[in-house]
Amino acid sequence: MHESTLPADPGLDTLTQERIASLVDNIETIIFGKREVVKLCVVGLLAQGHLLIEDVPGIGKTTLAQGLARSIDCAFSRIQFTSDMLPADILGVSILSPSTNEFEFRPGPIFTNIVLADEINRTPPKTQSALLEAMSEFQVSVDGETRPLPSPFMVLATQNPVEYEGTYTLPEAQLDRFLLRIEIGYPGGVDEVRIMRRHDPLQALEEMTPVLTSEDVQELQEIASKVHVDDAVAEYILAIIQATRTREDVRLGASPRGSLALFEASQAHALVAGRDYVTPGDVKAMAHAVLSHRILAKAHGGNILSASRQRTSIVSEIIENTPIPV
């Protein structure tokens, strides 16, 4: 068992640390041996960002997303993306009401707090683009009217990186909307035995109870946004971002949205670590998850998995070669 308490810091009250620890512990009841991955999910939630969970089939991507959603007392919807899905299936549609003889808007599944976009790369780019406004501006424009989304709002998307049949590559504009890209990885031997003995995670998911309310989440998000970032650390973030734009083996570097994402993710990571200030270690810890899907290499091995590994290697070299501020 992991300790449920976070390292004490005089700048953080005990209640804040207990709330974060209880959320991490609750998700860990269904995702065995992946505490650091779970923490990354919590970082994304506290930074008010969206997560792209990418890994091989059967690794627990959907279970992880459902566990996070069920740990929060918020509205939740799951969208199973398919090749024949239309934007209206996500956003909603206006239908003529026989009683009033007027068009009434029927909200789609996007109008909720936590959205699980399962196998997002199985739907065409036209339908994928329906999520762009929702993810960046927390609102949806349908039939000439802009409708706000509830708060908190978060998209958890899953995709399998090694499948080609019936899949579509996510465009750069879509990838840039995700705060973090997360890989789960295979479980350890002991944890895989626990998974086998459990047989099916559905019952465990059904038995999960929320440990935070929507108000708790919004309070923690507000606290995360106020975590102190020293000027030297901010310049360190900028140096990493600029390095992605000047390398000869990178065709497309991180955008200003990427620098903001690394800034905010580092704040949330510091909060999850029990501090009210960001260190260079927080920035290094978040750099891969924030940047690996935002850069585009000039050449790669020809498949999605090798391209992902090359981007990860590039980010590692950038971190190693960027001087750490004193």
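Values in this text are rule-based calculations from the coordinates and carry no lab data. All figures in this text were calculated on a predicted structure; none of them were measured in a lab. All Cβ positions, glycine included, derive from the backbone under ideal geometry; neighbour counts span all protein chains shown.
Take the alpha carbon gyration tensor of region 54-133, find the square roots of its eigenvalues, order them as a ≥ b ≥ c, and report rounded if a/c is under 1.5; if not, report prolate when a/b exceeds b/c, else oblate.
Values: a/c = 3.18, a/b = 1.63, b/c = 1.95.
Note, shape of region 54-133 comes out oblate.
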Label-to-label distance, nm, for residues given as D73 and S99 (7 Å Cα→Cβ offset): 3.1
Once both label points are put 7 Å beyond Cα along the C-beta direction, the T169-R251 separation in nm becomes 0.7
If the cut-off is a Cα-Cα distance under 15 Å, which aspartates and glutamates reach K298, setting aside same-chain residues fewer than 8 apart in sequence? E172, E248, D249
Gap separating the Cα centres of region 66-81 and region 242-266, nearest whole Å: 30
Kindly provide the helix-only [θ] at 222 nm of the chain, computed as the sum of -39,500 (n - 2.57) over DSSP H runs of four or more divided by all residues, to the nearest 500 deg cm²/dmol? -13500 deg cm²/dmol
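Rounded if a/c is under 1.5, else prolate if a/b beats b/c, else oblate: with a ≥ b ≥ c from the C-alpha gyration tensor eigenvalues square-rooted, which is the chain? Before the final figure, lay out the partial values.
Values: a/c = 1.37, a/b = 1.19, b/c = 1.15.
Here the chain falls in the rounded category.
Using only alpha carbon pairs under 8 Å that are at least six residues apart, calculate the relative contact order of the chain and give it in whole percent.
Working: 550 pairs, mean separation 71.9, N = 326.
For the chain, the relative contact order is 22 percent.
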Expected sort for 95-104, 17-26 on mean C-beta neighbours within 10 Å, highest first, is 17-26, 95-104
Once both label points are put 7 Å beyond Cα along the C-beta direction, the E192-H228 separation in nm becomes 4.6
If contacts are Cα pairs under 8 angstrom and at least 6 residues apart, what is the relative contact order of region 226-326 in percent? 34
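I need the shape label for region 226-326. Rule: rounded when a/c is under 1.5, else prolate if a/b > b/c, else oblate, with a, b, c from the alpha carbon gyration tensor.
Working: a/c = 2.34, a/b = 1.88, b/c = 1.24.
Taking the square roots of the gyration eigenvalues as a ≥ b ≥ c, region 226-326 is prolate.
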